[in-house]
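**Q** Dumping the structure here so I can ask a few things about it.
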């Protein structure tokens, strides 16, 4: 295993053991997603600013494998990091991120996630080589996309 693969594996393990963004608040609109193949579950909420045009944070709860839990944690962490840097996402920006994430994870390793754009979530690039695990990594991102679609529709 290369040094980068080892680092990526450690990031996934760290986020699964010490998840970021865990917790939902009463009254939040949530999306619950289930991977019936392995039983992973994620319930996710997008927290919008008072104007309703930017995502301030992401909250979630879930159970399942280390990849699904780490992926939710990494998504929440990325949202917080960008918001703290003054770059809170619009719905369109989050959708673009989801689309890029999906494309990379479906590429079977041909398209790695850009570390500049995805931060530590780029550690999930290696999952694309394991088709059975792609759904695990996508679960939180699909929940976020579901909430965006409901909001738009």
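**Q** Out of everything in the range 61-86 that is surrounded by 17 or more Cβ atoms within 10 Å (Cβ to Cβ) and more than 18 Å from residue 127 (Cβ to Cβ), what residue ends up being nearest to the chain's Cα centre (by Cα)?
**A** Going through the qualifying residues, I end up with 79.
**Q** Take residue 130 and tell me if it is more than 16 Å from residue 33 (Cα to Cα) and either crowded, with 19+ Cβ neighbours inside 10 Å or under 12 Å from the mean Cα position of the chain (by Cα) (or both).
**A** Numbers: more than 16 Å from residue 33 (Cα to Cα): yes; either crowded, with 19+ Cβ neighbours inside 10 Å or under 12 Å from the mean Cα position of the chain (by Cα) (or both): no.
For residue 130, the condition - more than 16 Å from residue 33 (Cα to Cα) and either crowded, with 19+ Cβ neighbours inside 10 Å or under 12 Å from the mean Cα position of the chain (by Cα) (or both) - is not met.
**Q** Would you confirm whether or not the range 1-24 contains a residue that is closer than 20 Å to residue 146 by Cβ, touching a helix residue (DSSP H, G or I) at 6+ places or on another chain (Cβ under 9 Å), modelled with pLDDT of 90 or more and exposed (fewer than 13 other Cβ atoms within 10 Å of the Cβ)?
**A** No - not one qualifying residue is present in the range 1-24.
**Q** Any residue in the range 16-43 that is farther than 16 Å from residue 124 by Cβ sitting within a Cβ distance under 9 Å of a residue that is in a strand (DSSP E or B) and at pLDDT below 95? List the pairs, counting only those 6 or more apart or interchain.
**A** Hits for this filter: 41/35.
**Q** State all residues of the range 105-121 that are in contact with a helix residue (DSSP H, G or I) (Cβ under 6 Å, 6 or more places away or on another chain) and free of Cβ contacts under 8 Å to residues at least 40 places away in the same chain; if no residue qualifies, say none. Can you show your working first?
**A** Taking the range 105-121 first, the residues in contact with a helix residue (DSSP H, G or I) (Cβ under 6 Å, 6 or more places away or on another chain) are 105, 107-109, 111-113, 115, 119-121.
If the condition is that a residue be in contact with a helix residue (DSSP H, G or I) (Cβ under 6 Å, 6 or more places away or on another chain) and free of Cβ contacts under 8 Å to residues at least 40 places away in the same chain, then 105, 107, 108, 109, 111, 112, 113, 115 are the ones that fit.
**Q** Now for a separate question. From the list 148, 97, 75, 124, exactly one residue is in a helix (DSSP H, G or I), modelled with pLDDT under 95 and either farther than 18 Å from residue 22 by Cβ or touching a helix residue (DSSP H, G or I) at 6+ places or on another chain (Cβ under 8 Å) (or both). Which is it? Break it down stepwise before answering.
**A** Details: 148 fails: modelled with pLDDT under 95; 97 fails: modelled with pLDDT under 95; 75 fails: modelled with pLDDT under 95.
On inspection, the qualifying residue turns out to be 124.
The values are calculated or read from the model by the stated rules, or taken from the named source; none is laboratory data. Computed from a prediction, not measured in an experiment: that's the story for all the values here. Positions of Cβ are generated from backbone atoms using ideal geometry, with glycine treated the same way; all protein chains shown enter the neighbour counts.
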